[in-house]
Amino acid sequence: MAGLQRIRVIDSHTGGEPTRLVLEGGPDLGAGPLASRVKRFRDKFDAWRTAIVNEPRGSDTVVGALLVPPHHPGCQFGVIFFNNVGPLGMCGHGTIGLVASLAHLGKVTPGRVKIDTPVGVVEAELQADGSVAVDNVASYRKAKGVVVDVAGIGHVRGDVAWGGNWFFLVEDHGQALHLGNLGKLTNYTVHVRQAVNAHGFPEVDHVELFGSSPHAGAHSRNFVLCPGHVYDRSPCGTGTSAKLACLAADGKLAEGAAWVQESLIGSTFTGRYRWLDHAKGEIAPTITGSAFVTGEATLLLDPRDPFCWGIR
Ligand code: PYC
């Protein structure tokens, strides 16, 4: 049909968290560093974001991954991640989904691949069993033991840390970390985030609550509030990187030791780190997990459709 636009995508999930990889037909963001291309995406092509991940084609949970030519020398691919409210810096589960999808297409084989992102180069290794290990961007804790006054809740203490996105990490929250408590967990973390933003950390857009896991083999379970008020079904790769930075800074996890992080739905990532700069608290995290391809599709954008560009 004339006027119909077609976008070729591959859908996958990583530990239950979906990724929609855009292979063809997405917006042309031009050339240059990915940090400037993501700005162009945000400023001029936001309707493409909502057309791809929002309802009626997607849902609040879907993370988009726009495949773009890399800028950084030595990278084979470039990617810009985005969700129901805007672009993301990095995305751990999304990178695992990206590599699994590229493997499905025969574009990568077991071995290492370098990927350019708006917040730096990451390197991923597709392993023989299909799992993917992501060497994420340098991660660090910015502030320890920040106490915020949360309306209707009281004082909440947590750490502010970077793992490719900004997180507020809370251990002492009194919340039950299970799916049956989703409404309360969402409400609690939305209010915590508002308080953290007002407290001088406007950059924080994810909140992580940690607790013990009922499963042997997992060191911790988390609940992760994403920027668009949905929870991460996966243990969150960038959030686990931020957690590793805090554990390293507190001397609670040795360099090279495994940290198995479980999500609210029981999926796991294994994290490890090596020190980059002990004095600055900077670590190089590696997050390992698995993704499965769930669909190959062509999205159709029909100009006659009042919701052609998604529900915005
Ligand atoms: O895995 O880094 C991650 C992530 C960020 C938001 C959703 N997943």
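Look at the Cα gyration tensor of the range 1-116: its axes a ≥ b ≥ c give a/c under 1.5, and that counts as rounded. Counting Cα-Cα pairs of the range 107-158 in 10 Å increments starting at 0 gives whole-percent bin shares of 20, 28, 18, 20, 13, 1. Over every Cα atom in the range 202-259, the radius of gyration and the widest Cα-Cα span, Dmax, amount to 12.2, 37 Å.
Once you reduce the range 68-123 and the range 183-238 to the center of their Cα atoms, the two points are 24 Å from each other.
Fraction of C-alpha pairs exceeding 18 angstrom in the range 143-293: 54 percent, rounded to a whole number. Work through the residues other than F77 whose Cβ is under 10 Å from its Cβ and net out their charges, Lys, Arg +1 and Asp, Glu -1. For residues surrounding F77, the net value is +1. Adding -39500 (n - 2.57) for every DSSP H run of four residues or longer, then dividing by how many residues the chain holds, sets the calculated 222 nm ellipticity at -6000 deg cm²/dmol.
The distance linking the range 151-180 with the range 22-66 is 29 Å (Cα centroid to Cα centroid, whole angstrom). Once you sort the root eigenvalues of the Cα gyration tensor of the range 126-202 as a ≥ b ≥ c, which label holds: rounded (a/c under 1.5), prolate (a/b larger than b/c) or oblate (the other case)? Because a/c hits 1.5 or more and a/b fails to exceed b/c, the range 126-202 counts as oblate. The order of the peptides 150-156, 3-9, 261-267, 288-294 by mean Cβ neighbours within 10 Å, most packed first, is 261-267, 288-294, 3-9, 150-156. At full extension, H72 and A216 could sit 47.7 nm farther apart than now, given 0.36 nm per residue minus the alpha carbon distance. DSSP beta bridges confined to the range 1-140 are antiparallel in about 80 percent of cases. Expressed to the nearest 5 percent, the antiparallel share of DSSP beta bridges inside the range 43-119 is 75 percent.
Here the range 190-267 carries DSSP beta bridges of which approximately 75% are antiparallel, counting only pairs with both residues inside. Considering only Cα atoms, the convex hull volume of the chain works out to 138 Å³ per residue. Over the range 1-50, Cα pairs under 8 Å with separation of 6+ residues give a relative contact order of 26 percent.
Across the chain, Cα pairs under 8 Å and at least six residues apart give a relative contact order of 22 percent. On the range 1-58, 50 percent of the accessible area sits on carbon and sulfur atoms, based on a 1.4 Å probe. For the range 87-101, 3J(HN,Hα) computed residue by residue from phi via the Karplus equation (6.51, -1.76, 1.60; θ = phi - 60°) reads x, 10, x, 10, 8, x, 5, x, 5, 5, x, 4, 5, 5, 5 Hz, glycine and proline entered as x.
Within the accessible surface of the range 65-162, defined with a 1.4 Å probe on protein heavy atoms only, the carbon and sulfur portion equals 51 percent. Residues in the range 52-197 average 38 Å² of solvent-accessible surface per residue, probe 1.4 Å, ligands and nucleic acids excluded.
Close amide H partners of G64, meaning residues 5 or more places away or on another chain with modelled amide H under 5 Å apart, are R20, F82, N83.
The values are calculated or read from the model by the stated rules, or taken from the named source; none is laboratory data. Worth saying up front: this structure is predicted, and the values here are computed from it rather than measured. Every residue, glycine as well, gets a Cβ built from its backbone with ideal geometry; the counts of neighbours run over all protein chains shown. The area values use the complete protein model at the heavy-atom level, side chains included, leaving out ligands, DNA and RNA. Shrake-Rupley method; radii C 1.70, N 1.55, O 1.52, S 1.80 Å.
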